[in-house]
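This report refers to the structure that appears directly beneath it.
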Amino acid sequence: MRIVLLGAPGSGKGTQAKLIVDKLNIPHISTGDLLRGAIAAKTPLGLAAKEVMDKGDLVSDEIVLGMLKDRLNQDDANNGFILDGFPRNVTQAAMLEDLLAELAMQLDHALLIQVDPDEVVARIAKRAEIEGRADDTETVVRNRLNVYKEQTAPVADFYKNQDILTEVLGKGSIEDVQARIQAILRF
Ligand code: ADP
């Protein structure tokens, strides 16, 4: 199964992706994690990405696409994957479509996790205390939410037009949201 997870920062995409992985045995591919990995490894690409990420802006489409391409070419992605954090704008959605066509693959589902903006801000503030992520400060979070509204939210329409979009209510416990997702994916 090939799944794209959409939702605002703090909507719970990463948490839900990990639970889906446990059940379906397909890799969780998070472009945010791939970028943080490049930063930790101090690669030139990571160093360039860090400045952009620390401001809450989007890293260039070409850089992220290159990383994603390498990841999708690994063997464990042959039978499916959960993509988290990509596509983040309509250009990336079109790039993903071309890349999957090259690999003779098709998406099965795009899930949009819907959470109130106030709830999202509260969740990120809590995560900031626990994880201390560089981009979880108030000003940067506000920018990430704006970038989401302006650039990422339109990606949902892209998949709606392809008839593979399903909206998932992101309210309630982690288990509640997971149960809704499993009902949609039917596993
Ligand atoms: P969140 O969804 O909570 O903002 P992520 O870990 O998905 O967290 O992303 C963190 C940052 O990594 C983003 O603000 C952005 O700078 C960068 N990033 C992640 N994925 C992409 C992408 N597909 N395109 C461009 N930048 C990305």
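Some notes on this structure:
- Each residue in the range 100-133 was checked for being surrounded by 14 or more Cβ atoms within 10 Å (Cβ to Cβ) and either aromatic (Phe, Trp, Tyr) or more than 22 Å from residue 180 (Cβ to Cβ) (or both), and 6 pass.
- If the condition is being assigned to a strand (DSSP E or B) and within 15 Å of residue 109 (Cβ to Cβ), then the range 155-182 contributes 165, 166, 167, 168.
- Across the range 16-33, the number of residues qualifying as polar (S, T, N, Q) and at pLDDT below 95 comes to 1.
- Selected residue (criterion: farthest from the ligand (Cβ to nearest atom)) from residues of the range 3-43 that are of a type in the set (A, V, I, L, M) and without any contact (Cβ under 8 Å) to a residue 12 or more places away in the chain: 41
- Residues of the range 1-19 classified as part of a helix (DSSP H, G or I) and under 12 Å from residue 113 (Cβ atoms), total: 5
Yes/no matrix, rows are residues, columns are (1) in a loop (DSSP other than H, G, I, E, B); (2) within 18 Å of the chain's Cα centre (by Cα); (3) more than 12 Å from the ligand (Cβ to nearest atom):
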site: 83; (1), (2), (3): no, yes, no
site: 112; (1), (2), (3): no, yes, yes
site: 122; (1), (2), (3): no, no, yes
site: 147; (1), (2), (3): no, yes, no
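The values are calculated or read from the model by the stated rules, or taken from the named source; none is laboratory data. Just so it is clear, the model here is predicted, and its values are computed rather than measured. All Cβ positions, even for glycine, are placed from backbone atoms using ideal geometry, and neighbour counts span all protein chains on display.
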